[in-house]
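Step one of this worksheet: look at the structure below.
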Amino acid sequence: MTDLARSQRLEVVVVSLFPEMFEALSAWGISSRAISDGLLSLHCINPRSFTEDKHQTVDDRPYGGGPGMVMKTLPLIKAVEAALEHLQCSREQAHVVYMSPQGRQLDTAAVGELKLRTKLVVICGRYEGVDERFIERYVDEEWSIGDYVLSGGELPAMVMLDALIRKLPGALGDQQSAEQDSFEAGLLDCPHYTRPEEILGQRVPEVLLSGDHKRIRQWRLQQSLVRTMQRRPELLDALQLSAEQEALLEAWKRNTKI
Ligand code: 9D3
């Protein structure tokens, strides 16, 4: 689907025991602007509000024993049903994802897939995770943000949503800056400078002051290529370089050998 072909705005419902954490998205920066501009809606539902006992219990001990607790199934089921109600859609019409260390690892391609959805339910786990039967019944996909242990699914959900929101048409003031982003072109970013021209003896590279836009573009591309080669060679291996890119990289290698 092209950007212009997006027929419906993205509607997101997050299921979390800590809904206030999502104010990091709704109150600040590009994500908050995207929401107030109506590019997406973000609604949070707390499974705790679907408990019936005095202590509003959302966790319980694991069958089989061992340390840690597991999120109870019924409050989660009720929360997802409330999410579908909020989205005014059936289970089949919504895409339900569970943030989980066992999930597929998020990357640019994955973000591109997720942003095509129009109704997204994002489940955040706490404790050791959720009852497996809940996953079997409701979850379409499990997503991780990388191989390190966090305390729950909220930060991963926010990472995923922030990456996704940046790719919604109109989310960035200058649509080009999304395409120029690191990774979008498969390359790391070039260095950036702002005023003053000199600070404590460090000068801005002369080419950036030249006003020669062709040379500036070539310098930036060359910097991106060299940095990618030095810091993330596996990214470069995955690319088919253009003739210009090949030439810029070779020119750099030639000049640094002398
Ligand atoms: C240390 C506890 N672990 C083994 C006994 C399992 C475990 C359970 C729950 C590890 C982490 C979590 C909480 N993490 C997430 O919910 C999570 C996550 C993450 O920790 N890292 C990367 N991506 C994600 S997505 C959700």
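The values are calculated or read from the model by the stated rules, or taken from the named source; none is laboratory data. Model, not experiment: these values are computed from the prediction. Here the Cβ is made from the backbone with ideal geometry for all residues, glycine too, and neighbour counts use every protein chain on show. Side chains are part of the model used for accessible areas, which takes the heavy atoms of the whole protein and leaves out ligands, DNA and RNA. Shrake-Rupley method; radii C 1.70, N 1.55, O 1.52, S 1.80 Å.
For the range 110-129, a tally of residues being within 22 Å of the chain's Cα centre (by Cα) and within 13 Å of the ligand (Cβ to nearest atom) returns 7. If you go through the range 27-39 one residue at a time, do you hit one that is open to solvent by 80 Å² or more (accessible area, probe 1.4 Å) and in a helix (DSSP H, G or I)? Looking through the range 27-39, at least one residue is open to solvent by 80 Å² or more (accessible area, probe 1.4 Å) and in a helix (DSSP H, G or I). Evaluate the range 166-185: report whether one residue or more is more than 30 Å from R231 (Cα to Cα) and of a type outside the set (D, E, K, R). Yes, there is a match, as at least one residue in the range 166-185 is more than 30 Å from R231 (Cα to Cα) and of a type outside the set (D, E, K, R).
When the residues of the range 91-132 are narrowed to those that are polar (S, T, N, Q) and closer than 21 Å to P169 by Cα, which ends up surrounded by the most Cβ atoms within 10 Å (Cβ to Cβ)? Taking the candidates together, the pick is T118.
Scanning the range 66-77 for residues that are more than 25 Å from the chain's Cα centre (by Cα) and either open to solvent by 70 Å² or more (accessible area, probe 1.4 Å) or within 14 Å of the ligand (Cβ to nearest atom) (or both) returns G66, P67, G68, M69, V70, K72, L74. Of the helices (runs of 4 or more DSSP H) lying entirely inside the range 149-258, those containing at least 3 residues that are of a type in the set (D, E) are 243-257. Note on the range 133-156: among residues that are more than 13 Å from the ligand (Cβ to nearest atom) and open to solvent by less than 90 Å² (accessible area, probe 1.4 Å), the one that is farthest from L42 (Cα to Cα) is F134.
For every residue, the table says whether it meets (1) outside the structural domain of V15 (by TED's automatic domain parsing); (2) more than 20 Å from P19 (Cα to Cα); (3) within 16 Å of the ligand (Cβ to nearest atom); (4) touching a strand residue (DSSP E or B) at 6+ places or on another chain (Cβ under 7 Å).
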site: T51; (1), (2), (3), (4): no, no, no, no
site: G64; (1), (2), (3), (4): no, yes, yes, no
site: Q88; (1), (2), (3), (4): no, yes, no, no
site: E92; (1), (2), (3), (4): no, yes, no, no
site: T108; (1), (2), (3), (4): no, yes, no, no
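Scoring L235 on the criteria (1) in contact with a helix residue (DSSP H, G or I) (Cβ under 6 Å, 6 or more places away or on another chain); (2) among the aliphatic types (A, V, I, L, M); (3) buried (at least 18 other Cβ atoms within 10 Å of the Cβ) leaves a single failure, condition (3).
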